[in-house]
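Comments concern the structure below.
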Amino acid sequence: MNENKNVLDPGPFFHGTKAELKTGDLLEPFHLSNYQDKKSNHIYFTGTLEAAKWGAELAKSNAKERIYIVEPTGEFENDPNLTDKRFPGNPTRSYRSKFPLKIIAELSSWERHSDEQINQMLTSLNTLKEQGKNVIYD
């Protein structure tokens, strides 16, 4: 058991994206969001492969979907966009930080969601957008 009570989650952690990065690179906050046309004040990551897959599949770009194993370089917190708003607690183990994430490795293979599942998710996200409920608290 982890003796540091300030650690939310021991990891491992993942970041899904379409950006091509290398081991040792840093993912940093204050860059254009993968999901909205604005700069993000945080860098987002997860402790579950399932959530990372969605991150890679839904990121705005036609580039290859990628999932990186990452290591936080500083403090992080529960992602308020998911924790207790959409899912009670934090079952997706979704987090955000104002500190960079270091790329440890890229997952070489992982199973995508089906095209049908991705299209259903995109439809749901478009519905939220039309209703003005696609707010990201950043």
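For the stretch 33-45: of the residues being surrounded by 11 or more Cβ atoms within 10 Å (Cβ to Cβ) and more than 18 Å from Y68 (Cα to Cα), which is modelled with the lowest pLDDT?
First, pick out the residues of the stretch 33-45 that are surrounded by 11 or more Cβ atoms within 10 Å (Cβ to Cβ): 33-36, 39-45.
Next, from what is left, pick out any that are more than 18 Å from Y68 (Cα to Cα): 36, 39-41.
Values: Q36: 58, K39: 71, S40: 76, N41: 85.
Once the filter is applied, the top-ranked residue is Q36.
Is there any pair with a first residue in the stretch 39-61 that is in contact (Cβ under 8 Å) with a residue 24 or more places away in the chain and under 9 Å from R96 (Cα atoms) and a second that is of a type in the set (V, I, T) and crowded, with 18+ Cβ neighbours inside 10 Å whose Cβ atoms are under 8 Å apart and which are 6 or more apart or on different chains, and what are they?
Once the first residue is in contact (Cβ under 8 Å) with a residue 24 or more places away in the chain and under 9 Å from R96 (Cα atoms) and sits in the stretch 39-61, its partners that are of a type in the set (V, I, T) and crowded, with 18+ Cβ neighbours inside 10 Å give F45/V70; T46/T92.
Between residues in the stretch 108-128 that are among the aliphatic types (A, V, I, L, M) and residues that are part of a helix (DSSP H, G or I), which pairs lie under 6 Å by C-beta distance while being six or more apart or on different chains?
Matching pairs, first to second residue: I118/E57.
State the number of residues belonging to the stretch 72-109 that are within 16 Å of G16 (Cβ to Cβ) and either acidic (D, E) or in contact with a helix residue (DSSP H, G or I) (Cβ under 9 Å, 6 or more places away or on another chain) (or both).
So the answer is 7.
Look through the stretch 41-71, keep the residues that are in contact with a Phe, Trp or Tyr (Cβ under 8 Å, 6 or more places away or on another chain) and among the charged types (D, E, K, R), and return whichever of them is farthest from G16 (Cα to Cα).
Among those that are in contact with a Phe, Trp or Tyr (Cβ under 8 Å, 6 or more places away or on another chain) and among the charged types (D, E, K, R), it is E71.
The values are calculated or read from the model by the stated rules, or taken from the named source; none is laboratory data. No experiment lies behind these values; they were computed from the predicted model shown. In this analysis, Cβ positions are derived from the backbone assuming ideal geometry, glycine residues included, and neighbour counts consider all displayed protein chains.
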